[in-house]
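One structure below.
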């Protein structure tokens, strides 16, 4: 009887721990990104709602330009409700030089110091770099990007599957009007 209680308690503990372990695993990034191929202009296809894009109603793009310092300039633009263009420029750094798929981005600088960095993890990439799936470790932020203003249904389905497999709530995605 004593062994039964110990084994039952152990099994219950393991079952209860499974969701906790799943929630603490990080999203899976791609094995390797060629940052030269990744550079250039991307059109936002969809994103999880966030506070820093609330003013954007259409035409959201991101452009990545390698810098001599090894960093990457990030220029995000969109069209606001009043028809004006909103633009913010920041930088990205490679946080995982083995894979190049875990980047940190910063859009805030004080006296030459960037105290705040956000995750920019590349979770998926099209075989021709025609789409990219980006997220963060907390699963609060996610983007689907494309080299063209629209993705094929096959590429969109692949991007959605990558987000879903990594634990992102794709039912909350907002699709971008280009």
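Annotations
- Looking only at the stretch 128-162, and only at residues there that are touching a helix residue (DSSP H, G or I) at 6+ places or on another chain (Cβ under 6 Å) and under 27 Å from residue 81 (Cβ atoms), the one that is surrounded by the fewest Cβ atoms within 10 Å (Cβ to Cβ): 142
- Count of residues meeting criterion [free of Cβ contacts under 8 Å to residues at least 40 places away in the same chain and not in a loop (DSSP other than H, G, I, E, B)] in the stretch 130-163: 10
- Strands (runs of 3 or more DSSP E) wholly inside the stretch 38-115 containing at least 2 residues that are at pLDDT 95 or above, closer than 19 Å to residue 131 by Cα and under 15 Å from the mean Cα position of the chain (by Cα): 40-47, 56-66, 72-80, 102-106
- Matching residues in the stretch 92-129 - criterion: being within 15 Å of residue 160 (Cβ to Cβ) and without any contact (Cβ under 8 Å) to a residue 40 or more places away in the chain: 126
The values are calculated or read from the model by the stated rules, or taken from the named source; none is laboratory data. Remember, predicted model here, so these are calculated numbers, not experimental data. Every residue, glycine among them, receives a Cβ derived from its backbone with ideal geometry; neighbour counts consider all protein chains shown.
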